[in-house]
Amino acid sequence: MNLTRILLLLLLLELTVFTAGLPLSRRHIDNPRSWVPGGQHRYCDVMMRRRWLIQKGRCKQISTFIHEDLATAADFCTAPAVPCTSSRSLQTCHNSSHDVSVTDCFAKAGTRPPHCHYQKNDSIRPIRVGCKDRALVHLDS
Ligand SMILES: *[C@@H]1O[C@H](CO)[C@@H](O)[C@H](O)[C@H]1NC(C)=O
Ligand SMILES: *[C@@H]1O[C@H](CO)[C@@H](O)[C@H](O)[C@H]1NC(C)=O
């Protein structure tokens, strides 16, 4: 293995670790919606790489980007508590008080790293969030 390759691997490793530590807001909030090279149909492919990279050698199957500012989304933390459906650690979540502009990204069948391909669906719909100390920590599915 040559030096360039080792350096590249180290860089990738570092990026992976770094992204794994991103707070929920950095992973899921994209407001205003980012411009992506190649056209909006590539939004998910590009954003999933920017925000999630590769998880344990698999393409992350599904994720949602919220086109709403962080403060507004964090306000949902004050809504009445409802059960979470997709959290291992949180007991209660909160429904958004209004519909939110989101992009849902779904991995295409058979897609593999390093080129994960996604289908996207833009919609305006309710979301459900999990909070700790009034900060967003979880986006419920
Ligand atoms: C929260 O949203 C779910 C649908 O996702 C709905 O079934 C439930 O009634 C809502 N609960 C409250 C308290 O708004
Ligand atoms: C895509 O979004 C539309 C609303 O714009 C919604 O009715 C539909 O269920 C969504 N499809 C998927 C696969 O989530």
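Residues in the range 123-138 that are closer than 17 Å to R51 by Cβ and either more than 16 Å from ligand 1 (Cβ to nearest atom) or aromatic (F, W, Y) (or both): L136, V137. In the range 91-123, what residues are more than 18 Å from the chain's Cα centre (by Cα) and of a type in the set (A, V, I, L, M, F, W, C)? Scanning the range 91-123 gives a single hit, A109. Just one residue in the set T85, T72 is of a type in the set (S, T, Y), away from ligand 2 (no atom under 16 Å from the Cβ) and either part of a loop (DSSP other than H, G, I, E, B) or without any contact (Cβ under 8 Å) to a residue 12 or more places away in the chain (or both); that residue is T72. Which of the residues spanning the range 53-63 are surrounded by fewer than 17 Cβ atoms within 10 Å (Cβ to Cβ) and either more than 16 Å from ligand 2 (Cβ to nearest atom) or of a type outside the set (A, V, I, L, M) (or both)? Those that are surrounded by fewer than 17 Cβ atoms within 10 Å (Cβ to Cβ) and either more than 16 Å from ligand 2 (Cβ to nearest atom) or of a type outside the set (A, V, I, L, M) (or both): Q55, K56, G57, R58, Q61. Does any residue of the range 70-79 turn out to be surrounded by fewer than 15 Cβ atoms within 10 Å (Cβ to Cβ), under 18 Å from the mean Cα position of the chain (by Cα) and not aliphatic (A, V, I, L, M)? Scanning the range 70-79 turns up no residue that is surrounded by fewer than 15 Cβ atoms within 10 Å (Cβ to Cβ), under 18 Å from the mean Cα position of the chain (by Cα) and not aliphatic (A, V, I, L, M). Hey, any hits in the range 41-51 for a residue that's within 16 Å of ligand 2 (Cβ to nearest atom), part of a loop (DSSP other than H, G, I, E, B) and not β-branched (V, I, T)? Checked against the condition, which is being within 16 Å of ligand 2 (Cβ to nearest atom), part of a loop (DSSP other than H, G, I, E, B) and not β-branched (V, I, T), the range 41-51 yields no hits at all.
Report whether or not T4 is farther than 20 Å from D133 by Cβ, modelled with pLDDT under 70, of a type outside the set (A, V, I, L, M, F, W, C) and under 17 Å from the mean Cα position of the chain (by Cα). So T4 fails the test.
The values are calculated or read from the model by the stated rules, or taken from the named source; none is laboratory data. Values in this document were obtained by computation on a predicted structure and should not be read as measured data. Please note: Cβ atoms are built from the backbone with ideal geometry, for glycine as well, and neighbour counts cover all protein chains shown.
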